[in-house]
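Notes for the one structure printed next.
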């Protein structure tokens, strides 16, 4: 099968959408499918921000990458690019001869996918990775109205598709509530469960020693952005330190909020207990997950959180915001939920887990870590690729709008 993927978010930019597309394309290519990715052009500075060499990712001989002219766009990573849709890029796609087009985003490149699919009369499927209402905090006023308007605009875009997925029931429900009417289902982002594996006996302590981590390490990984609400974790730390002396918060990733977060840590008097370690490649991030004790996420802008599932796959229990998809993906057996507007609630939940026996010694944290690994195993690369092969085949046969998938890749 020949699949054209369109995305506004792509390597080298940091993010779950980018990781999901890379992993999926590599797996589809390994299975013998031809894949063409159409994504914004990146600059050497974009690669440098992610500590990456200026080169395309190695995805295999049957996967090709087409870069579209793009302009810099404000964004939390400092790497965002905007493709100006022209509606005239269809000849390049026509030469690839796709059986199906899959759009992962709805900005300039996403609009190109829509135009190309119409011109070539090619089946069009989509994925909405964005809980778009969570980004209304960037609006200067009337944020609720802005959030509703964003959801309606997104729903109108995806109503042009033959079939649409979202990575959580909550995101799909939000789309339905704002006018989305097309067939669709939940398909998780794929997780590299071989790389993000639980630590072997004795490995966690060895990694802690090598990485210089303490006995009570809380990990956050991802963009350092306002919508991630990392400030909630910082504000929780003073109370956590009173309950668990020696606790530390490790923040992996980059973003425009880093200076503000560093200043907040100084103001709160906790700078010595917070480590900003920058952006890590997947192997180093997986090691950090195996060395940490708890994963924390206070964001209310997630459609799923791929890094949450990666941490779970590595055996980390989680403390997450009691909001939307995190309620689905952090059931009681794998972690705890806390009010995203209450740092004290986060501190209490984190203290509960950090006071529990170490993962290798049994107890609550060990049980949650084991359950987390089993829960994340459902979303391995192979299972997700199987689901997309089914969707693509149905779409190519003209059956996507009528058929009910015979698989389930949601957490429900």
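What to note about this one:
- Unmet criterion (only one of (1) touching a residue at least 40 places away in the same chain (Cβ under 8 Å); (2) within 21 Å of the chain's Cα centre (by Cα)) for residue 68: (2)
- Of the residues making up segment 253-279, those that are closer than 21 Å to residue 349 by Cα and in contact with a strand residue (DSSP E or B) (Cβ under 6 Å, 6 or more places away or on another chain) number 4.
- Residue count, segment 147-183 (criterion: out of contact with any strand residue (DSSP E or B) (no Cβ under 8 Å at 6 or more places or on another chain) and surrounded by fewer than 18 Cβ atoms within 10 Å (Cβ to Cβ)): 11
One line per residue, one yes/no per condition, for (1) in a loop (DSSP other than H, G, I, E, B); (2) under 21 Å from the mean Cα position of the chain (by Cα); (3) in contact (Cβ under 8 Å) with a residue 40 or more places away in the chain:
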site	(1), (2), (3)
198	yes, yes, yes
207	no, no, yes
220	no, yes, yes
232	no, yes, yes
239	no, no, yes
246	yes, no, no
251	no, yes, no
254	yes, yes, yes
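- Unique match (being more than 16 Å from residue 247 (Cα to Cα) and free of Cβ contacts under 8 Å to residues at least 24 places away in the same chain) among 326, 280, 309, 336: 336
- Total residues in segment 256-297 satisfying the condition of being in a strand (DSSP E or B) and within 21 Å of the chain's Cα centre (by Cα): the figure is 7.
- Residues within segment 319-345 that are part of a helix (DSSP H, G or I) and more than 22 Å from the chain's Cα centre (by Cα), tallied: 3
- Unique match (being in contact with a helix residue (DSSP H, G or I) (Cβ under 7 Å, 6 or more places away or on another chain), at pLDDT 95 or above and either crowded, with 22+ Cβ neighbours inside 10 Å or assigned to a helix (DSSP H, G or I) (or both)) among 348, 400, 366, 376: 376
- Considering residues of segment 109-127 that are free of Cβ contacts under 8 Å to residues at least 24 places away in the same chain and in contact with a strand residue (DSSP E or B) (Cβ under 9 Å, 6 or more places away or on another chain) only, the residue nearest to residue 385 (Cα to Cα): 117
- Within the set 7, 43, the sole residue that is in the same structural domain as residue 107 (by TED's automatic domain parsing) and surrounded by fewer than 16 Cβ atoms within 10 Å (Cβ to Cβ) turns out to be 43.
- When 74, 91, 98 are checked against the criterion of being within 22 Å of residue 160 (Cα to Cα) and modelled with pLDDT under 95, a single residue qualifies: 91.
- Filtering segment 71-108 to residues that are in contact (Cβ under 8 Å) with a residue 12 or more places away in the chain, part of a loop (DSSP other than H, G, I, E, B), surrounded by fewer than 17 Cβ atoms within 10 Å (Cβ to Cβ) and touching a strand residue (DSSP E or B) at 6+ places or on another chain (Cβ under 8 Å) leaves 84, 97.
The values are calculated or read from the model by the stated rules, or taken from the named source; none is laboratory data. Since the model is a prediction, treat every value here as computed from it, not as a measurement. Because the Cβ atoms are built from the backbone with ideal geometry, glycine has one as well, and the counts that use them run over all protein chains shown.
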